[in-house]
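Participant: I'd like to ask some things about the structure below.
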Amino acid sequence: MADTGVFRRMRFSRQILILQTGVVVLVLVIGLALVSVLLWGTLRDQYGQRALAIARAVSSDPVVVANAADRHPGDDLEQRVRAVTDQTGALFVVITDDHGIRLAHPDPAAIGKRVSTDASAALGGREVVSSVQKGTLGLSVRSKTPIRAGSGQVVGEVSVGYEIGAPVEELVRLITISLVFAAGALALGVGASALLTRRLNRLTHGLEPHELTELLYEREAVLHGIGEGMLAVDAAGRVSARNDEAERLLGKPLPVGARVSELDLSPRLGKAVEERQPVDNLLAVAGNRVLVVNSRAVRRDDRDLGTVLTLRDRTDLDALTRELDAVRSLSDGLRAQRHEFSNRLHTLSGLLQLGHHGEAVEYLQTLTETAIALPAAIGESVADPYLQALLAAKIEQAGEKGVTLCLSDDSYVASPVSDPITVNTVVGNLLDNALHAARMGPRRPASAEIALLEEGTSLHVSVVDSGAGVSGELCETLFDEGVSTKLAPGHGLGLALARQAARVRGGDVWLADPGGADRGALFVAAVPGLLDQGGNS
């Protein structure tokens, strides 16, 4: 029990080495035992067949047959037996009559006596091959054959034997050679086991199996226990690990082993994986979600292990941000109007204090006509109060930027809006993009025009500006997040968010005309289900 405990406390790599060495030794021992048994059987059969061949030759000698039939030892018989023994190196050649009485034997004193071993098989007419027996000359491998007279009658037997030491000596020689090869095989097996153990130790970084198991459990707990999405990419650009949250946020399966370039991820995500530079709080659009992406390259022992990306869902926060932007746009418009209204009140107060009553009345009438002109122009075409407020705020913002923003004469939206946030995302971002293009463009006066049309429950929007238009290299990537014509950093999500919001409802936003010599770019949007026809008055 103590030895077993010591073995269990050994490092796993050492246990493997010991077990592999033990297996090699066991296989070699079993192999040598089997080889020894087979060699012994083969050598015994060889010496037995050699003895049988000599016995057959002696039994066919006419002199031997005649002496055996007469049961007479004779000097000729003894000489013949001695000559055969000397020539073949046999231990003995024994001839008997049909009663088993020796007629010829290496020991003259044994002639005339019955053989010490059973001769019934040979005297019964059957040959005995490769029999290991102990006689008067010791243990030997012998074969026996009957002596037959001319009539076929058995008149005696011939027994030829080889000393057992001869095949044993040959067996020892062959086993010694086998042991040399076995020692070489053992050394090779132990060396291979040591190299395999060393490689296993290097591949597992010296970790024990229970430590690897714990790491596996911890990995699964970390991957699937956190609320963030996690995507690990190896140095070759293949997915090495991911959790369910990452697949949910990206809206597509992420099979392990797949190349990231083949997964059709958003441009910003693909760029973060390709450049493999640290990224903090990068905004990216994935389907109908806005994600915050962080990326870190991973290295261990100067070895590049790839990149790990964490993904956080900012869709709800972005929706709140867009709603806040809408409120802020409206408040900016109201602030501009309040500032202008305060100036006009001060002017009117001054006229009254100075006694210019006629001028004050005339100025008041002018203010009234001007004040009602803009809301009336919008109200005739757009019935929804939210759209009216958004357009009024954008017109005020445009004026502060030196850009004239107007609503086209053919605009008509009689139904109320059912989703103000989507309206602000689509219309607001398209207008912001057009105002920036007009302000930065070469044409003066800078202007932008928006057209709003109702078709069932769908809202159609087109925005054109007086800017320089969209260059050819930007036409294909203009709606990718991170792509912007603005010089300041942090831009490039407006058009992507507008298209995302439209596509969530089954619509789209696209560049209808990149612009030319007479006007800037024309953007068009179609958003189904955005108008509530049940709310018509």
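The values are calculated or read from the model by the stated rules, or taken from the named source; none is laboratory data. Note that this is a predicted model, so its numbers are computed, not measured. FYI the Cβ positions are ideal-geometry reconstructions off the backbone, even for glycines, and counts take in every protein chain you see. Note: areas computed on protein heavy atoms with side chains; ligands, DNA, RNA excluded. Shrake-Rupley method; radii C 1.70, N 1.55, O 1.52, S 1.80 Å.
Participant: Per the 1.4 Å probe, what fraction of the accessible area of the stretch 135-191, in percent, lies on carbon and sulfur atoms?
Facilitator: 69
Participant: For Phe181, Phe523, give the ranking by accessible area with the largest first, probe 1.4 Å.
Facilitator: Largest accessible area first, the residues go Phe181, Phe523.
Participant: Next question. In whole percent, how big is the carbon plus sulfur part of the accessible area of the stretch 238-289, probe 1.4 Å, protein atoms only?
Facilitator: Summing carbon and sulfur atoms, their accessible area is 44 percent of the total for the stretch 238-289.
Participant: Let me ask something else. Amide H to amide H, which residues 5 or more places from Arg148 or on other chains are under 5 Å from it, using H placed in the peptide plane?
Facilitator: Amide H neighbours of Arg148: Val155.
Participant: Ordered by residue, what ³J(HN,Hα) values in Hz, to whole numbers, does the stretch 300-312 give under the Karplus form 6.51 cos²θ - 1.76 cosθ + 1.60, where θ = phi - 60° and Gly and Pro are x?
Facilitator: 8, 6, 6, 10, 6, 9, x, 9, 10, 10, 10, 10, 10
Participant: Excluding Pro416 itself, what net charge comes from residues whose Cβ is under 9 Å from its Cβ, given Lys and Arg +1 and Asp and Glu -1?
Facilitator: Net of charged neighbours comes to -2.
Participant: Which percent of the accessible heavy-atom area of the stretch 49-101 goes to carbon and sulfur, probe 1.4 angstrom?
Facilitator: Result for the stretch 49-101: 48 percent of the exposed heavy-atom area is carbon or sulfur.
Participant: Given a 1.4 Å probe, how much area per residue of the stretch 45-177 is accessible, in Å²?
Facilitator: Result: 48 Å² per residue.
Participant: Highest mean first, what order results for 25-38, 390-403, 422-435, 91-104 on Cβ atoms within 10 Å?
Facilitator: With the highest mean Cβ count within 10 Å placed first, the list reads 422-435, 91-104, 390-403, 25-38.
Participant: Test of understanding: what is the full-extension gain from Cys475 to Val308, defined as 0.36 nm times their sequence separation minus their Cα-Cα distance?
Facilitator: Fully extending the segment from Cys475 to Val308 adds 56.9 nm.
Participant: For a quick check: with amide H placed at 1.01 Å from N, whose amide H comes under 5 Å from Ala286's, ignoring anything fewer than 5 positions away on the same chain?
Facilitator: HN-HN under 5 Å from Ala286: Leu291.
Participant: How many Å² of accessible area per residue for the stretch 249-309, probe 1.4 Å?
Facilitator: Per-residue accessible area for the stretch 249-309 comes out at 56 Å².
Participant: Hey, another quick one. Can you work out ³J(HN,Hα) from phi for every residue in the stretch 151-164, in order, using Karplus 6.51 cos²θ - 1.76 cosθ + 1.60 and θ = phi - 60°, giving whole Hz and x for Gly and Pro?
Facilitator: 7, x, 6, 6, 10, x, 8, 10, 10, 10, x, 10, 4, 4
Participant: Taking amide H atoms as placed 1.01 Å from N in the peptide plane, list the residues 5 or more away in sequence, or in a different chain, whose amide H sits under 5 Å from that of Ser411.
Facilitator: Distant-sequence amide H within range of Ser411: Leu452.
Participant: Per Stokes-Einstein, at 25 °C and 0.890 mPa s, what whole-number D in µm² s⁻¹ belongs to the stretch 269-310, with the Kirkwood radius over Cα pairs as the hydrodynamic radius?
Facilitator: 224
Participant: What order do Arg126, Arg56 take when sorted by accessible area (1.4 Å probe), most exposed first?
Facilitator: Accessible-area ranking of Arg126, Arg56, largest first: Arg126, Arg56.
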